[in-house]
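I have placed the structure first, in the form of structure tokens, so that the comments after it can refer back to it.
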Amino acid sequence: MRIDILTLLPELLESPLNYSILKRAQEKGLLEIVLHNIRDYAVNKHRQVDDYAFGGGAGMVMMVEPIDHCITKLKGERPYDEILYLTPDGEKFTQRMANYLATRSNIMMLCGHYKGVDQRIRDHFITREVSIGDYVLSGGEIAASVVVDCTGRLIPGVLSDETSALTDSFQDNLLAPPVYTRPADYKGWKVPDILLSGHQMQIDEWRHQQSLERTRRLRPDLLQEEK
Ligand code: SAH
């Protein structure tokens, strides 16, 4: 899978996308992340990328031309399954959307700044608008890194234990059960006996019951949602 990210601050994305699982995914050749500095596509001699809003008001707007040039160049090189714009008024990002994105081949992501991008970019290029939550960040980079992190670990072959992602919270609309590791007794704080019993079927059933109980208690709304 290839992800192209269009940004004014590529440095902000370099570190979060180059550790741990995402780093391994890139080393294994399962994920390629390419950062594009929108400023490199600026048209005037000041390399201007933002301008005042028509109609007045506070805040700058990212200009249509540099973004058009960057997107159009990339689209000429390969087909894109989705061109995402990270924006607080977009569709809420979910595990389900990550599952979907993880099975695409080429995705572009556009990070906004200031008051956002000129609406014409959204109207003519963007196929999907995505929000990571009901709050306003200063730029789209942190939102993009959330989407890439979440999606990247779901790409087939990325996690060494193939079943591991399937038992995470939100897969099946259930929260994950509690987990424990050694020592089995720490200061008298004991691991539930069932987990030490060796009866795999009973352990699986216990975990499922724990997931259900947690979900009912902490996120009853998930049990109402259909998958
Ligand atoms: N004026 C806009 C907010 C702009 S915030 C509004 O009120 O809707 C600047 C940029 O940060 C946005 O263009 C977007 O790319 C990013 N951003 C801010 N909050 C976000 C969120 N919750 N999810 C995804 N991207 C977000």
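Annotations for the structure displayed:
- Given (1) of a type outside the set (Ser, Thr, Tyr); (2) over 30 Å from residue 175 (Cβ atoms); (3) surrounded by 16 or more Cβ atoms within 10 Å (Cβ to Cβ), index of the condition residue 75 fails: (3)
- Residue in the stretch 29-43 that is in contact (Cβ under 8 Å) with a residue 40 or more places away in the chain, more than 14 Å from the ligand (Cβ to nearest atom) and either over 15 Å from the mean Cα position of the chain (by Cα) or part of a loop (DSSP other than H, G, I, E, B) (or both) present: yes
- Residue count for the stretch 89-101, restricted to those that are under 13 Å from the mean Cα position of the chain (by Cα) and either within 12 Å of the ligand (Cβ to nearest atom) or buried (at least 20 other Cβ atoms within 10 Å of the Cβ) (or both): 5
- Condition check for residue 54: surrounded by 12 or more Cβ atoms within 10 Å (Cβ to Cβ), in the same structural domain as residue 126 (by TED's automatic domain parsing) and aromatic (Phe, Trp, Tyr): no
- Odd one out for residue 217, checked against (1) over 24 Å from residue 10 (Cα atoms); (2) within 16 Å of the ligand (Cβ to nearest atom); (3) without any contact (Cβ under 8 Å) to a residue 40 or more places away in the chain: (2)
- Flag for residue 86 being closer than 30 Å to residue 222 by Cα, part of a loop (DSSP other than H, G, I, E, B), modelled with pLDDT of 95 or more and within 8 Å of the ligand (Cβ to nearest atom): no
- Any hit, the stretch 58-71, residues being of a type outside the set (A, V, I, L, M, F, W, C), in a helix (DSSP H, G or I) and either in contact (Cβ under 8 Å) with a residue 40 or more places away in the chain or within 14 Å of the ligand (Cβ to nearest atom) (or both): yes
- For beta carbons closer than 7 Å, sequence separation of 6+ or different chains, a first residue in the stretch 109-124 that is assigned by TED's automatic domain parsing to the domain that holds residue 139 and closer than 12 Å to residue 8 by Cβ and a second that is more than 6 Å from the ligand (Cβ to nearest atom) and assigned to a helix (DSSP H, G or I), the qualifying pairs are 110/67; 111/141; 111/144; 117/67.
- On inspection, residue 126 passes the criterion of being more than 9 Å from the ligand (Cβ to nearest atom) and either of a type in the set (A, V, I, L, M) or surrounded by 11 or more Cβ atoms within 10 Å (Cβ to Cβ) (or both).
- Top-ranked residue in the stretch 135-166 [being over 15 Å from the mean Cα position of the chain (by Cα) and free of Cβ contacts under 8 Å to residues at least 40 places away in the same chain; ranked as nearest to the ligand (Cβ to nearest atom)]: 138
- Subset of the stretch 1-28 [closer than 30 Å to residue 161 by Cα, free of Cβ contacts under 8 Å to residues at least 60 places away in the same chain and not in a loop (DSSP other than H, G, I, E, B)]: 14, 20, 23, 26, 27
- Matching residues, the stretch 74-120, being closer than 14 Å to residue 143 by Cβ and in contact with a Phe, Trp or Tyr (Cβ under 6 Å, 6 or more places away or on another chain): 110
- Residue 132 vs. criteria more than 6 Å from the ligand (Cβ to nearest atom) and of a type in the set (A, V, I, L, M, F, W, C): no
The values are calculated or read from the model by the stated rules, or taken from the named source; none is laboratory data. Everything numeric in this text was worked out from a predicted model, so none of it was measured. Don't worry about glycine lacking a Cβ; one is built from the backbone with ideal geometry, like all the others, and counts go over all protein chains shown.
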